[in-house]
Each structure stands twice: as structure tokens, then as C-alpha cells.
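The structure under discussion appears below in the form of C-alpha cells.
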Amino acid sequence: MDTTTGTDLFEELQEYHFAGSGPRDTYTRLRLLLERVCRQMTAGAPLQFSNLFSRLNYVCQQTRLPAGTAYRIHTFRIHANQVLQGSFHPTEAEYLQDLKAICDVLAHFYGARVPAALQALLPAEDIYKPGYRNRDITHERIRVAVTAVDEQYIYAFDEDTPSGEPIRIRYRDPESTGDTFAPTAAALWQGCQLNLLDVRVDADDIYYPDLLVLEPDYLLDISALAECMKEYGDHPLNYLQSKFEPPKNTRHILLGNAANQFLDEFVNETADSPVVYRDTMRRIFRSLPFELATCADLRDVEQEHTFFREAQVQFNNIRQVVKTVFPSRKISRENGILEPNFICEHLGVQGRLDFLQLEPADNGQVVIELKSGRSPFPESNVELIGRNHRSQAFLYQIVIQKVLGVSFRHLSTFILYSKYPDTNANLRLSQPYMAAIREIINIRNLVVAQERSIANDATGEATRQLIGSIHPDTLFNSGTTHSRFLEQYIIPQLAAFKAPFMQSPPLVLDYFYAFYTFVTKEHYISRTGDTEYDTNKGIASLWLSSLEDKLEAGEILPDLTILENRTAAPVPVIRLQIPDYGTDFLPNFRIGDIVVLYQRNRYTDNVTNKQVFKGAVEALTPHSITIRLRYRQRNPAVLPPGSRYAVEHDFLDASYAAMYRGLYAFLQAGADRQALLLHQRPPEQDPAARLTGPAILSPAIADIVLKAKMAKDYFLLIGPPGTGKTSIALKSMVQEFYAEPANNLLLLSYTNRAVDEICRALDDIDGQPDYIRVGSLLSCEPCYRERLLDNVIAGCDTREQVRQRIQAHRIFVGTVSSIAGKAELFRLKHFQVAIIDEASQILEPQLLGVLCAKDAEGRNAVDRFILIGDHKQLPAVVLQKEKDAELQHPALNAIGIRNRRHSLFERLYRLHKGGGESPVWGMLHRQGRMHPDIMAFPNEAFYGGQLQVVPAPHQVAPLDFVLYDAQEPVQQWLATRRLAFIPAEKRPDAGNNKCNAREAEIVALLVRHIYDLYRQNDLPFVPEQSLGIITPYRSQMALVKHRIHDLHLPALNDLTVDTVERFQGSQRDIIIYSFSVNQAYQLDQLAHEAEEDGLLIDRKLNVALTRARKQLFITGNPDLLARKPVYERLITFIRSRGGHFVI
């Protein structure tokens, strides 16, 4: 909780002003200060804010800031952005006006006096010159923040034109929009943002937009939005219902996948390599073997024959369209773009279409969407296009206009119904009109308002009513659909969807709604971002964060040039050259990362005004990056060789989709599994169970494995740092359970890195049992790739062989999310045991899809589960504030659910911990990593003295550095001390709160002497084993690397300098920890505190301290750190051990 006062802020403000930094550094720090203030002022607000404009505007309204002051602080906001972009160079007078604006708002917000030293500098007169929009042009886009709404107008503030009073926006305009956006206006709330598109301003300064887009930073998928537009009616509830639908693996879905492959093949066909049906079907089988093998429809002989017959028809129809219809309509496959992706902030949507042709313009510009299913009833009317398909086409047309500047009136959009051979029936022209586009955008706005309502539903009651209103009377609002179709298909589907809600007992529903609202809020923030003090999270950061912020965070690689373009190959890859960004740049990219690639030749280019290519990092060196694209591109013009490019991280919704489906699976789970998870029955044990597998390393591990085997429902294992929870305990459990031939094992973890560790443990088992890893190629260490599912079944020629190959394996390994993406696995395999590592980092809804899955016979797909974790190390990553995740619900509180940020592991442990160990849980006590001197503080402070040494050889041996320079105090200290704290003074001239130059100097000095000690003692220096450096900020990481680089010692260039989050699961002989705290407010960001058994535990600090095997050196500002009790205790503890050393 931020307890910063007005006095603290004015002291900080004086420090920034008198530091004498240039305008860029000063404005950066002033802007961050204002952002932090606004965040503190909105800590209890029931809103999400995607940018400073919306947050600041809300604070101004809530605190009743005078109009003139509000104008000036927004002027400062704009000036700060312009300074960062290099487009504004303030004069001294302009800077002092901006400084005065900051002073005035701090004085107003906190009731504090402006310090005399600052007051003497500030101008006596205020500048107040509110701007006005040009009335002679149509404004393409205006972003506003809403303050109020009445029957005719929306009242708001213009982001780019500061004013003291709100503008008026006419949303009911008989000449254009009519009443289309009246439902949107009714759903608005104070503080929400709108994009006004194609706006004219009249003589009275009233804004008349053609389109209104609510919270445009919340991107909706175009396909999902289009499915809200049904023949029987348009409604945002269709979107809500679709979130719970499990991924379908039916004959029709597979046929659609095949049709898309056919189009890809024919568009990319060459004269020397003609497309042949049988070869194409083989390639489809190679790309979808698991899906084809597990499709229940294809088990029926008649449906199997129908599938292949229909696939042949689709193949022939698509071939005919590409070869004959395309040329007749001047559609050039050579100039086409397959599967182009677009992100449209203007409209708040994103999507991927099937085929786009933009060049040459005189041949016509074309969009084609492929649909393998039926056209609307009656099929005999070849001019009909499904309302959902038409809506999708309209959206793509206007998206291309907004992103690429191609007028939708000049863009011919076709729906290709590939089921039909008649060329008059299969390629149908979709004619757009603005009235329909407004209707779609209005539904989009209502979906966003609906999601926001669910996210902020503290009790779940409003969400219950929403789901309760999913009913034919609500959804059937068009009056045009054939009633027989509704009665036979739609009404039964709605009834089936509602059945679990109608049949579930109250506690089950309470649990569902509590976590559904929590997950929805997480999802909302992940899309819009919720600006932290020094960073912006979420997909919206792709366009809201400045280039400078992205570079500082290492989240962008700009100015790339093409070295090799093989995007037309069957495995499409592109290799790009990375320029020299300087030693201060620290990229945050790794092999396997999901990324977006786009042309970036101007400062203003970003993902919202360029075509986007999605892919994954295949290879990465300091000088080049290789990206494997999702779709190949025959047209070389889409990636021109002379252009410059940028790469940024992509953001996926897959984990949220899995949580929604997992919650719905919980509603459908058997009563016994629901009762177990809700603590309505105790977990059972089998007292007759005995160990029958190979001999186990130690009696303590044997006792743990026996407890796990006795558990008939679940078992929890606490694995503190260095206790071998994966390499020893999990491995021993696998050996024991695998010894019984009837057991199938599912081994899961949260991260791919941890799954690599599980694979390593499996490979260490005598005999190396066969196992299958579920996951992607690039996210897997190369040595385990042969175990990947796709590679294991690569040699299979039939679906039956695939099934047999899967049935023959008894161990399956993967991340929780990768298994959730292969839910059909549970139709083929029943698992007697699931062992879930890193369980304390996994939220409850993330596990429900696995724990509530059903096998082919309708039983629990997993009989028992074992959760391994440590609730005193890093928790699950959660975006929303801890207070927002708290739950005030007596029935749920009684079963341990008090804060939804906590893992299932933590909840079950707290329910069963009692006064000591029990049959339900166990704890590993012996750790073989830390020397006793390093273990002492975390053992006492966080584990209540329960940890013991193994002892491993290094835990009892003296330090390795026998030889050292006794004339060099630092080297002597390093050679003779296990644990030390080196104080670093705060430097007032620091240009960035996330950097501490003095600490970086200290770290570099320590590194140099440590390296010298290794050489003097003839010891091998192996960077990934010998030394690691932990620090919380990427800016400090870059500065530390820079200082180490200045030592001109090549052996040090490969040292790992990273955050504590990236170090979890790792260890080094020596760890250096740089706190890099420059302001008191950073202490709250640095710590992650929780109370356990009367101990105040800092989970981040625990992980940082326990990475070291032999020595640990810490540097930081003691005066600042002492404000946090746990840090004060740490420093006092080190001092008491003689470890306080001043350099």
C-alpha cells in the first residue's frame, strides 16, 4: 500500500528540479511522478485505466480540481509526451508553467504547501488558453474521456485539446447515426474512454461523430464479435455464452481446417509443383494427426466416409475458384496475402482474414473470407450471406480502411462458400453500408460494457442475472429466422448451456461466480492495461507505450532489416539483422517467444497502422533474430526487402479462454469432485498402500512418496528452496507410480522451463521411461524435442496408429496451458495420477480444466492429484490489486477462499495444516543448495527454523579462495565472507528511479574481484554456475551489464543479470543482489509480503536470498531499505554476523 504523503512528493519534486538534468529526463520523471500520484488517488476506484489521460481526468473530476488547473495539468501531460517524442523543446518559461501545474495539483490533492524553494521559481500568472478543434475538416479520430451523458449529448474531455470545461458530443443525430448508439450512451460510465471517428465540429463546437467506440484499447476478436450477429438476433450475451464453449473437434471443424489448407496450397501452387488431393490430405494429416485421431465423429464409419467425400468436393471447388474465378474477377494469387493480421485501435478490434489483395490497385482490391459450411436458408438463394459472415466482412472492410487507408467503398469483399460447386453460388459479393457497421460497433460497445460490468461485480449478483437472461426471449430479437430451425437446434443448445447453472447447488454456483468475475477482471486488465507506476501492462501497451519506454523495457527491436526471407517455404521463416542499439539496451526476447512483426519506417508506425505478421522466435543472436511465421507468404511485396521492421511481444488470450472453460467444466463435474474441491468432504487415504517400486534415496523421501501413494484424492508437498522437489521428490514419485503397470501419469507445471526440469528428472530415471511431451517445438529445449507429441506420432500413417501410439505411452508431460489446449487427450487416456509442479504459482481456475476433465466414459479423467510447490516463494502472476481479489463471502471464506489471487495449493494447505504435518501434506526439510550461513536468515525469517542442510560437500567445506591479495580490502573481504551487505548512497543526480549508478559500480567492482579470485586460485569460472546478479529493474540490469562490459573481460559477458522472477528455479555459487531503490514508494513494488504463522514473509526476498550456494552479497541504500521491516531485519542480521562492509 502506497503511504506517500504530499511532503514526500514535494521533496521528490525538488530533487528532480534541482538535479539539473536535461528536459527529457526531467519531464520523464515529472510524468512518472504524476502518474504515480494519480494511481494512488484511484487506488479504490472501480475502474481500469489504460492510460494517464483517463486516470488523470478521473482524478481531476473526483477532486474537483479548478478548471484552469485541470487545463494546465493536461497541457503538461501533452508536453511530456511531446518531449519524449522529440517534437517539443520547452523554453524556460514553458517548463516553469508545467512545473507550476504539477505543484498546484499536488497542493490540491494532498492539502500540502508548495515548498518556498519551488514557490520562488514559479510564475505569478497562469496561462489559460483552451484549444478548439478545426471546424473546416473531418477529424479521423478523437479520443475523449466521458464525464456525463444526457438524452442528446455525451459530455467529455478531449485528450489532445485541453480545456477547462467538457465538450459536447451529439450521439443522436437524425442526419447520420440516428439512435443506433443510444444503447452505447446508456452503458457509459464516468471516466470511460471513447474513440470518436470521422468527426465534424459545428459552429457551436459540438462534435458529431460517425462512429463511437467504447474503451477502444479493449480489443475484441472480429470473429467472436461477428458471432454476436445472428440470423435470429444481435445480442452481446452471445459473446458471454461463447466464452464457456469448449474447443470443438468435430467433422465440420476439421473440414474447415482442410478447406483453409486447400486455399493455402492453391494460392501458393507453382507450375513445377502442382497441388494433388492425396498429397494435400497427407500434409493435413501430418499437421493435425492428434485432432483427426481423437475426433469422435470420425469413429463412425458413415461420418468418416462423408468427411472424406466432402473434403474432395471442397478441394475441387476451391481449385476451380482459384484457377478460373480469380482470373475472371482480376484476383491475382501472386499478389495476394494469406492470413493477414490487423490490430485496429480505432475500432477496438483485431482479427485475421483469409485472403487480401491490395496491389495492383487498378486490378481491384479484394478481401476473401472462406466458409466451408452451409450458406443461409434457403440454400437455393445464391445471393444470401449469413448475418455473422456479412458482419465479419464489413468489419474487415472498415478495419483495412482505418489501418491501411484503403476506403471500404473501393474494397470488394467476397464470402467464399466452398461447399458449393456453382461459381454463381460459392463466391458471393458482400456490399457494405454504414448503418450496418454502426450496428455492429454498437454491439461491440455493449460487449465491452458487459465485460466491464462482470469484472467489477464484487458480489457476483449482477453476473448471475446476466447469465440468467440468456434465454430465447432475450436473444431472439430479429423476428426473421425460420421457427423450425430455432426449435430444433438453437433452443436445445441454449437449454443444454443453461442446464449446469440450473442444476448446480448454491455453493458450486457461488464458487463459479466468484472466480468468473475474478478471471474476467484479469482478462480486462490484460487487454486494456492498468498502468503501474513505471510500466504499462497489457496488449494496449503495443500502441500506448512510447518507443522510448519500450526500448527501456527491452520490449521492442526496431530498425530491423531483412537478411533472409524464406516465408514462401513450407516452414516460413524470416531472418532479420539487429542493429547496434548501444550497451545500455537490454532486449527482453527469448527463443520460443510469441511475437508480432511489422514494417516500421517512421516514428509513428506501430501495430495499429500496419499489417501485422505473427510468429515465434526460432533463433536469436546479438546480431540477428529468426522468426517462424504462422502462415507462409508467396507474395514478396508484403515484406519488402528495403523496408525496416520492428518486433514486439504478442499477447494471447488462450490462458483466459482455458480458465473460462475450466470454470464451466467445474459446473459440469461430478458431485464427488465438486465436494472434494469445495472441502465438503475430506480427502481419503488408503492405509494399506505400500511402496513397491525401486529403492528411494532417503527415509524422508520414502515417507513423502508413501504419503502420496496413500492419498486417494490429493496430496500436497511443500518444497522449500534447494530441497529437490523436482529432481528428487517428483522423480521418486514417478518411479513409484510407474512401477505399477496400470498407472498412467500426467506431469504438469506452469512454465516450459519447469517442464524441461521434469523431462530432465525423467531422463535420470533408470531405464528412461517413454513419455510424451505436449507443447510447441520452440518452447522446448532441443534435447527433449524428440519427445514432443507431434514428433512421437510423426511416423504414423493412420488415425488408428496415432491412437495406438498414444495409448502405448503412460507418461504425459506439459504445461497446464498446453494440456488445456489438447483437451481431447482425456478422451484417449485416463490418468490415475496427476503431479503438478510449481502449483503455488498456478491460480485455481487454471487447474480446473484438468481436475474436472472427464474421460470417454464420463468419469474423472484424473483420479488423484499431487500438488508440489512452496507458498513462501513467488506466487501466481496476477494483474489486479490484492484488495480487488479479496472475497467477502462467508460460505466461500469457510472453505479457505479469502483472496482469489491465492493458488489451490495454498488454499488446501491452509485448510489442512493444523498443528503439524498430516496425511494430506508433507514438507521437504533438507536442502542441499545454501551454505548454512546463507540459509540462516531465510530459515529463521520465513521457515521458522525448519530447514536443515543435507549436508552437501560445499555446505561444510571452507571457501574456495585460499589465495587473495591481502593488500586489496575488497578482494580480501570477498575471499573470507559468506554474506555481506554493502551500503550504497543515494545519488541526487540520478536520471531514472529504476537505476542506481552507485550500486552498479559496486556490483561491477565485486564482479571484477570475484573473477580475479577464480583466476588466482586456478578455479574454472563458468558464468551459468559461478556467478549471477539479481536486480528488480531492467534499467538497472542494463546499467550493470554496461559497467561489467567496461571491465573488458570477455569471460564476464555471458553473466546472467536478471530479475528475481527469472531466477526462480536457478542457482549460482555466488549471487549479488542490487536492490536499486531510489525512492520510498519503490519499496512496495519490490516486496511481496504475506503473513504465515505469525511470520511476515517477503516471497520475492526469499527467492532472491536462496539462489546462492556459497556466497551472497547485497547492495542497497540502508536508510531507504530500513523503512521496510523485513529489509531492516535482514541488514541487522548481516551486521550481527560481521557482514557490513563499506566500499
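Values in this text are rule-based calculations from the coordinates and carry no lab data. Note that the structure is predicted; figures quoted are calculated from it, not measured. So basically every Cβ, Gly included, is an ideal-geometry build from the backbone, and we count neighbours across all protein chains shown.
Rounded, prolate or oblate, given the Cα gyration tensor of the stretch 696-924, with a/c below 1.5 counting as rounded? Taking the square roots of the gyration eigenvalues as a ≥ b ≥ c, the stretch 696-924 is prolate. Could you tell me which of ASN316, ALA393, GLY468 has its Cα farthest along the dipole of the chain towards the positive end, charges placed at Cβ (Lys, Arg +1; Asp, Glu -1), taken about the Cα centre? The residue sitting farthest along the positive end of the dipole is ASN316.
Here each label is just a point 7 Å from Cα along the line to Cβ, and for LYS330 and LEU1095 those points are 7.6 nm apart. Cα centroid separation, the stretch 945-1017 to the stretch 554-619: 38 Å.
Here r is the Cβ-Cβ distance between ASN893 and LEU828 and R0 is 35 Å; the resulting FRET efficiency, rounded to 0.05, is 0.30.
Structural descriptor for the chain: relative contact order 9 percent, calculated from alpha carbon pairs under 8 angstrom and at least 6 residues apart. When DSSP beta bridges are restricted to pairs lying wholly in the stretch 696-924, around 15% turn out antiparallel.
Taking 20 Å as the cut-off, the amide N atoms of the stretch 34-56 that come nearer than this to a point 7 Å along the Cα-to-beta-carbon line of ALA458 belong to 39-49.
Using a Förster distance of 41 angstrom, determine the FRET efficiency expected from the C-beta separation of ILE253 and GLU940, and round it to 0.05. The computed FRET efficiency comes out at 0.10.
Of GLU757, GLU1091, how do they rank once you tally other Cβ atoms within 10 Å and put the fewest first? Can you show the working numbers first?
Values: GLU757 20, GLU1091 8.
So the ranking, lowest neighbour count to highest, is GLU1091, GLU757.
Helical content alone sets the calculated 222 nm signal of the chain at -11500 deg cm²/dmol, taking -39,500 (n - 2.57) per DSSP H segment of four or more residues and averaging over every residue.
With 0.36 nm allotted per residue and the present C-alpha distance subtracted, the GLN668-ASP855 stretch has 66.0 nm of extension available.
Fewest first, what order do CYS38, CYS783 take by the number of other Cβ atoms within 10 Å? Don't skip to the answer; put the middle values down first.
Numbers: CYS38 22, CYS783 11.
So the ranking, lowest neighbour count to highest, is CYS783, CYS38.
Long hydrophobic helices in the chain, taken as whole DSSP H segments with a C-alpha length of 20 Å or more on their own axis and mean Kyte-Doolittle hydropathy at least 1.0, are absent.
Report the antiparallel proportion of the DSSP beta bridges in the stretch 932-1136 as a percent, rounded to a multiple of 5. Around 20 percent antiparallel, to the nearest 5.
In the structure shown, the pairs LYS521/LYS614; LYS731/LYS1110; LYS712/LYS829; LYS230/LYS829; LYS712/LYS872; LYS881/LYS994 are assessed against 30 Å; a Cα-Cα span above that value is assigned to LYS230/LYS829. Label sites at VAL382 and ALA107, each approximated as a point 7 angstrom past Cα along Cα to Cβ, lie 7.8 nm apart.
Would you work out if the chain is rounded, prolate or oblate? Take a ≥ b ≥ c from the square roots of the eigenvalues of the alpha-carbon gyration tensor; rounded if a/c is under 1.5, else prolate when a/b is larger than b/c, oblate otherwise.
On the way: a/c = 1.57, a/b = 1.12, b/c = 1.39.
Cα axes put the chain in the oblate bin.
How big is the antiparallel share of DSSP beta bridges in the stretch 247-432, given as a percent to the nearest 5? Taking every DSSP beta bridge within the stretch 247-432, about 70 percent pair in antiparallel fashion. Placing +1 on each Lys and Arg Cβ and -1 on each Asp and Glu Cβ, with no other charges, gives the chain a dipole about its Cα centre of roughly 1740 debye.
Length gained on full extension, SER918 to SER273, computed as 0.36 nm times the residue gap minus the Cα-Cα distance: 225.5 nm. Between GLU740 and ARG910, the modelled labels are 3.3 nm apart [label points 7 Å from Cα along Cα→Cβ]. As a rough footprinting exposure proxy, the listed residues LYS829, LYS872, LYS498 were ranked by other beta carbons within 10 Å of their own, and the order from fewest upward is LYS498, LYS829, LYS872. Using R0 = 41 Å, the C-beta based FRET efficiency linking VAL313 and LEU404 works out to 0.75. Stretched out straight at 0.36 nm per residue, the stretch from ALA966 to HIS1042 would grow longer than its current Cα-Cα span by 24.5 nm. Once you order the gyration tensor axes a ≥ b ≥ c over the Cα atoms, which shape class does the stretch 932-1136 get: rounded for a/c under 1.5, otherwise prolate or oblate by comparing a/b with b/c? The shape class here is oblate. Label zone (ILE765, point 7 Å along Cα-to-C-beta; backbone nitrogen cut-off 11 Å) within the stretch 694-724: 694.
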